[in-house]
1. When the stretch 128-163 is examined, which residues are found to be of a type outside the set (A, V, I, L, M), part of a loop (DSSP other than H, G, I, E, B) and under 15 Å from residue 96 (Cα atoms)?
2. Run residue 171 past the list (1) touching a strand residue (DSSP E or B) at 6+ places or on another chain (Cβ under 7 Å); (2) outside any loop (DSSP other than H, G, I, E, B) and report the number of the one that doesn't hold.
3. Check 74, 52 and return the single one that is touching a Ser or Thr at 6+ places or on another chain (Cβ under 9 Å) and in contact (Cβ under 8 Å) with a residue 24 or more places away in the chain.
4. Could we say that residue 85 is among the β-branched types (Val, Ile, Thr) and either modelled with pLDDT under 95 or over 24 Å from residue 150 (Cβ atoms) (or both) here?
5. Criterion first (part of a loop (DSSP other than H, G, I, E, B) and surrounded by 18 or more Cβ atoms within 10 Å (Cβ to Cβ)) does residue 56 satisfy it?
6. Surrounded by fewer than 18 Cβ atoms within 10 Å (Cβ to Cβ), at pLDDT below 95 and not hydrophobic (A, V, I, L, M, F, W, C), is that true of residue 101?
7. Anything in the stretch 163-187 that is at pLDDT below 90, closer than 15 Å to residue 109 by Cβ and either touching a Pro at 6+ places or on another chain (Cβ under 7 Å) or not aliphatic (A, V, I, L, M) (or both)? List them, or say none.
8. Considering only the stretch 123-160, how many residues are modelled with pLDDT of 90 or more and either loosely packed, with under 15 Cβ neighbours inside 10 Å or over 17 Å from the mean Cα position of the chain (by Cα) (or both)?
Amino acid sequence: MKIWLRWFLAVLVVPVVVLAQSGPHDMVIPPFSGSNYLNDVIVGDTLANGDRADLERVYWLERDGTYLVNNAIRNNGYDVRVRAIDGAGSRPVVYMTTNTGSGSYPGEIFRVVAGNLWIKDLILVGYVEAIPGEIGNIPSGLIRVDGVGFDIEIYGSLLSQNRGQHIRTEGGCRVIRLVDNVIANMG
């Protein structure tokens, strides 16, 4: 009887533990398909009253996917966590591009105003190489910190194509942690 009870409890407990690890805060974002700019998805992840839908949200980008940012992703009062889905395939590429509505080019991909930034396994690029006219829009940075006392953590990513610095700190960060990254084509 005790053996049966142990197996029964194991069968009940294991699925609960596995489901708890899957991340109720996760949101998988599909690659760009004409109108779903990454900045619109992340900044627009709110409730009807304007509050964040989930303060613990983790945004997962698909492997082999291409994502476009036409306005800086500003985390004003919340943390931003963006990472690639685990598995085979190349890391997702996030390009900055001209905002067709305003005609302006984003100054950076991420602008840390009031919250932490955590990135894993992404490729951040200052302009779309396939559009030759975009080279004149190369930004001065990819990530800019305006707030004071926040953390930036970047793991296993590639930061490329800007004319200044990949990470610009206008405000004092508490921690800037770069682990297993490639920093290329800067300046």
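The values are calculated or read from the model by the stated rules, or taken from the named source; none is laboratory data. Source: prediction; values computed, not measured. Counting neighbours? That spans all protein chains shown, and the Cβs are built from the backbone with ideal geometry, glycine included.
1. Across the stretch 128-163, the qualifying residues are 129, 139, 140, 141, 161, 163.
2. Single failed check for residue 171: (2).
3. 52
4. yes
5. Details: part of a loop (DSSP other than H, G, I, E, B): yes; surrounded by 18 or more Cβ atoms within 10 Å (Cβ to Cβ): no.
For residue 56, the condition - part of a loop (DSSP other than H, G, I, E, B) and surrounded by 18 or more Cβ atoms within 10 Å (Cβ to Cβ) - is not met.
6. It is true that residue 101 is surrounded by fewer than 18 Cβ atoms within 10 Å (Cβ to Cβ), at pLDDT below 95 and not hydrophobic (A, V, I, L, M, F, W, C).
7. Scanning the stretch 163-187 gives 163, 164.
8. Qualifying residue count for the region: 4.
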